Every structure is written in structure tokens, then in C-alpha cells.
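All remarks here apply to the structure that follows.
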Amino acid sequence: MAETAMIISAISGAAGVVGTIASVNQQKRAARAQQQQQALQTRRSQRQAIRETQLKQAQLQASALGAGVVGGSALGGGMSSLQSQLGGAQGFASQMSGLSNQISIASQKAQTYGAVANLGMSAFSAAGGFGAFGGGTTPPTEGQLLKNVVTG
């Protein structure tokens, strides 16, 4: 009977390890896909911002021509302003993409560490937990832990 329990315990432990590894791999795959999605969204936003800037520049030039203005500092200033706005928008989009990427990586690491912790706790429990240390199945109390600690 004890032999059967050991075999079942070993198989369960192995299944837990395999499941944890598969879970971590899938989390990594999902994080990579999310990063690709964010990069694609950033590129799309940047292209849209460029198109909008080009459209605004064309409208500005058409308005200036309609008013009989060819060149001049007002037209040049307006065009420069549009370019500056475009640069700011693209810089912001790049920063947001970078932050999203950092968030994805941190989340992935947290999930991985959580899976490792769960695996460790499962192994600890399978090995008898705190009972293996002769202290029963519950963790020691604060008083038990601090019994021989000198406070000053």
C-alpha cells in the first residue's frame, strides 16, 4: 500500500512539474504575441499620425495659396509646427510601446516565479511539509520562532 502511494505521489509530482513547465512556456508565448501586437499597434499609430500631418500640411498650403500667400514666415511656421507635433506624437507612441513591453515582461516574470513557488510548495507538501521537521502540519507560531531570541 505504501509503495502504491509513493508511485502515485511520484507520478503526481512529475505531472505537476510538466504542467508548470507547459504553463510557463505558454505564458512566454502569450507575452511574445502581446509584444508583437503592441509593436504593430505602435507602427499603425505612427503611420496614421504621418498621414494626418501630411493632410494638414496640404490643407495649410491650399489655404495659403487661396489667400494668395506663397511662402513667407507664417506658412513656414505653420509647417514647422505640424512637424513638431508629429515628432512629439511619435515620441509619445514609442515611449508607450516601451512601457507596455516592460509591463509585459514584468508580468511574465511574476507569473513564472509564481509557478515556481507553487511547484516548490507542492514538493514541500509532498515531502511532509512542516511535519517532516517534527513540528506537526502547521507552521510554527511567532512565539515558537522567537522563543530563544534575546531582545534588548
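The values are calculated or read from the model by the stated rules, or taken from the named source; none is laboratory data. Since this is a predicted model, take the numbers as computed values, not measurements. Please note: Cβ atoms are built from the backbone with ideal geometry, for glycine as well, and neighbour counts cover all protein chains shown.
Summary of values
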{"item": "Leading residue by the ranking (surrounded by the fewest Cβ atoms within 10 Å (Cβ to Cβ)) among those in the range 61-79 that are under 46 Å from the mean Cα position of the chain (by Cα) and at pLDDT below 75", "result": "Gly76"}
{"item": "The lone exception for Ala89 - which of (1) modelled with pLDDT under 75; (2) in a helix (DSSP H, G or I); (3) in contact with a Gly (Cβ under 6 Å, 6 or more places away or on another chain) it fails", "result": "(3)"}
{"item": "Exclusive hit being under 30 Å from Tyr113 (Cα atoms) and modelled with pLDDT of 80 or more, set Gln54, Gln41, Gln48", "result": "Gln41"}
{"item": "Residue that is nearest to Ser23 (Cα to Cα), among those in the range 96-152 that are in a helix (DSSP H, G or I) and modelled with pLDDT under 70", "result": "Gly129"}
{"item": "Residues of the range 18-47 satisfying the condition of being within 12 Å of the chain's Cα centre (by Cα) and among the aliphatic types (A, V, I, L, M)", "result": "Ala30, Ala31, Ala33"}
{"item": "Filter pass, Val17 being assigned to a helix (DSSP H, G or I) and at pLDDT below 75", "result": "yes"}
